[in-house]
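For reference, the structure is listed below as structure tokens.
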2 protein chains.
Amino acid sequence: MIVKTIKDKGLKITPQRQLIGEVLDGNKTHPSAEDVYKKVSKIAPTVSIATVYKTLNSLADLGVIQRLDVGDGKAHFDPDITPHSHFVCLNCKRIFDISTSAPLPDFGEEFRVVKAQAVYYGYCKECQDQKEE
Amino acid sequence: MIVKTIKDKGLKITPQRQLIGEVLDGNKTHPSAEDVYKKVSKIAPTVSIATVYKTLNSLADLGVIQRLDVGDGKAHFDPDITPHSHFVCLNCKRIFDISTSAPLPDFGEEFRVVKAQAVYYGYCKECQDQKEE
DNA sequence: AATTTTTTGCTATAATATATCTAATTCTAA
DNA sequence: TTAGAATTAGATATATTATAGCAAAAAATT
């Protein structure tokens, strides 16, 4: 529950943050800021895109959610902060969770690793099937 | 040698492309388009940033170089197209090559993987040392 | 050498994201 | 319960990265 965590982390609870938290909670679609904004706007049309960006950044900085980069020029956000990887379909552009919990590798003194991100690119089942027709 | 490959791939050889190829050849710094532009500009100040972008995209699309995304909002380019990973220093922002040649995993029919990208984030030796002072 | 095709460079525009600033809201504590 | 301090929201200007469009130039072909 993101809303609960917001308070724990010292952020004030506002209707906007509550709403953004609800949009993110359990969300497996890895939405961009724009995606979140669209969803939020449907419920509360007056919420500003700036607020969405600020909230997403705050939550990501606090480690409540995860910022994800798959090379499409925009950040995606994932409420699942447990270690897992992602698969990006080059056709439909959807991002899927992969339960490969690759451990942080040990590169010795040379590099102290604090975060790892594995992204796989290819074609999801549906898009493979489409091409065969 | 990138210049050689340019011709093989059916692209015309121009002074601009030759220069961009030379800047990239053996380059281990993972430059952004802007970085490449700056280097090129020092030698040939009239080369346009648009040409740099177009050339980098062409080369990446042809698989001559690799487009790399580490989540800093801009694309980086790597002339080393052999399988390897990258380490990003969160302090100095440099990108280092990691010779971990993780093989493409097999996710079965569900996902057909064609490319994998592993990025590790942390602190390089130099930046670790700095903090200890 | 002329022609076709590609490429360049300029610039406008797009897309994503952040900064700034005032008004409004939240929360605390009296 | 409310006054006041601190934070947040919203509007918008601006920054940053990248692409699009087009005329002029250059490259390769014939």
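The values are calculated or read from the model by the stated rules, or taken from the named source; none is laboratory data. Everything quoted here is computed from the prediction, not taken from an experiment. FYI the Cβ positions are ideal-geometry reconstructions off the backbone, even for glycines, and counts take in every protein chain you see.
Could you please let me know if A:Ile43 is of a type in the set (Val, Ile, Thr), more than 25 Å from B:Asp72 (Cβ to Cβ), away from every other protein chain (no Cβ under 14 Å) and more than 11 Å from DNA strand D (Cβ to nearest atom)?
Here the answer is yes, as A:Ile43 does meet what is asked.
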Q. Across the range B:1-34, what is the number of residues that are modelled with pLDDT under 95, hydrophobic (A, V, I, L, M, F, W, C) and more than 18 Å from B:Ile81 (Cα to Cα)?
A. 2
Q: Please specify each residue of the range A:65-85 satisfying the condition of being more than 16 Å from DNA strand C (Cβ to nearest atom) and touching a residue at least 40 places away in the same chain (Cβ under 8 Å).
A: A:Pro79, A:Asp80
Q) Which number in (1) under 11 Å from the mean Cα position of the chain (by Cα); (2) within 14 Å of another protein chain (Cβ to nearest Cβ); (3) more than 16 Å from DNA strand C (Cβ to nearest atom); (4) among the small types (Gly, Ala, Ser) marks the one condition that B:Ser32 misses? A) (3)
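Of all the residues that make up the range A:90-108, how many are modelled with pLDDT under 90 and at the interface with another protein chain (Cβ under 10 Å from one of its Cβ atoms)?
Adding up the residues that qualify gives 6.
Just one of A:Tyr37, A:Tyr53 is in contact with a helix residue (DSSP H, G or I) (Cβ under 6 Å, 6 or more places away or on another chain), modelled with pLDDT of 95 or more and within 14 Å of chain B (Cβ to nearest Cβ); which is it?
Selected residue: A:Tyr53, the only one of A:Tyr37, A:Tyr53 that is in contact with a helix residue (DSSP H, G or I) (Cβ under 6 Å, 6 or more places away or on another chain), modelled with pLDDT of 95 or more and within 14 Å of chain B (Cβ to nearest Cβ).
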(Q) It is to be established whether one or more residues within the range B:86-100 are farther than 22 Å from A:Ala116 by Cβ, in contact (Cβ under 8 Å) with a residue 12 or more places away in the chain and of a type in the set (Lys, Arg). (A) no
Q: Would you check if there is a residue in the range A:69-87 being among the aliphatic types (A, V, I, L, M) and near DNA strand D (Cβ under 10 Å from one of its atoms)?
A: no
